[in-house]
1. Residues that are surrounded by 20 or more Cβ atoms within 10 Å (Cβ to Cβ): which helices (runs of 4 or more DSSP H) entirely in the range 11-100 hold 3 or more of them?
2. Please report, ordered by residue number, the strands (runs of 3 or more DSSP E) entirely within the range 147-198 with at least 2 residues that are within 16 Å of the ligand (Cβ to nearest atom) and modelled with pLDDT under 95.
3. Which one of 25, 19, 13, 31 is touching a residue at least 40 places away in the same chain (Cβ under 8 Å) and either acidic (Asp, Glu) or over 17 Å from residue 168 (Cβ atoms) (or both)?
4. Please name all residue pairs, on different chains or six or more residues apart, with Cβ atoms under 7 Å, provided the first residue is in the range 76-102 and is in the same structural domain as residue 150 (by TED's automatic domain parsing) and more than 16 Å from residue 164 (Cβ to Cβ) and the second residue is within 12 Å of the ligand (Cβ to nearest atom) and of a type in the set (Gly, Ala, Ser).
5. If residue 155 passes every condition in (1) without any contact (Cβ under 8 Å) to a residue 60 or more places away in the chain; (2) more than 22 Å from residue 120 (Cα to Cα) but one, which one does it miss?
6. Sort out which residues of the range 85-124 are more than 14 Å from the ligand (Cβ to nearest atom) and of a type in the set (Phe, Trp, Tyr), and write them in order of number.
Amino acid sequence: MLITIPDILDTAELRGIREILDQAEWRDGRETAGTQSAQVKRNLQIPLDSPVLPELQGRLVRALTSHPTWMSAALPAQILPPLFNRYEGGQDFGIHVDNAIRVVPGEGRQIRTDVSCTLFLSEPEDYDGGELIVEGHYGAQSIKLPAGHAVVYPATSLHEVTPITRGVRIASFFWVQSMVRDAARRELLFDLDSSIQSLTRTLGTNAADVVRLTGIYHNMIRQWAEV
Ligand code: NI
C-alpha cells in the first residue's frame, strides 16, 4: 500500500529546511547506495559528514513523529536518520530495490528497512520529470507531491526516479523499521485507525463503538507489534 500524507512540514518549517539546503554542499549520491543501485543512481546528496546534516535530520524527525497520520502509517520502531537528495540536468535513479538492512552512520546500529518514505521539498511546478515510480500489485504508480508532503510505501517495492528534464528536484528520503513488519498488517491497522479517527470526529471520543474499536486497534497492535 502506498500512502500519501499532506503537510508534514508547514510553510515556515519548509522554508527553514530549504534555506539550509540551498547553502549546503552536495556530493555524488552513490556514497550511500548498495552495489546494484550504485550502478543506476545519478543524483547528488548532502554528504554524511556535512555539518548541517544533524540539524536537518532533527527538524525532519520532529515533524514526522508529531504527525499522527505519518505515525499511523509507519508505526515506527526505529527511524533511519533522513537523507537529502537533489536531481538536476537529466539525473535519474533507475529501477532498484533498497537494501534490506542499513547501518545508522556513526552508530553501527542496524535497522531493517520495512517502510520507505520520500518527503518532497521542491514544488512540482519547479521541475519536469523526476517522478517517483513505485511498482506494486496494482501496477506502477507515479508520484509527484507538493513540497512538505510525503509518500510512504513498503520498502520491498521496486522503484525509480525518472530523469529530470527541467529545474531542480530536492527531497528527503529515509527508511523505518516498523513495529509491524508485515505490510498487509500495517495496512489493516492504518485503515482501522483512519476509520476510528473519522468516527471520533462525528460521534465523539467516548461513544461506545469508538471505545470498542479503539480497544480492538490496541489489541491488534499487542498481537503484532515488536518493540
Ligand atoms: Ni531507492
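1. 53-65, 68-74
2. So the answer is none; nothing clears 2.
3. 13
4. Hits for this filter: 96/37; 98/116; 98/155; 99/34.
5. (2)
6. 120
The values are calculated or read from the model by the stated rules, or taken from the named source; none is laboratory data. Remember, it's a predicted structure, so these values are computed and weren't measured experimentally. Here the Cβ is made from the backbone with ideal geometry for all residues, glycine too, and neighbour counts use every protein chain on show.
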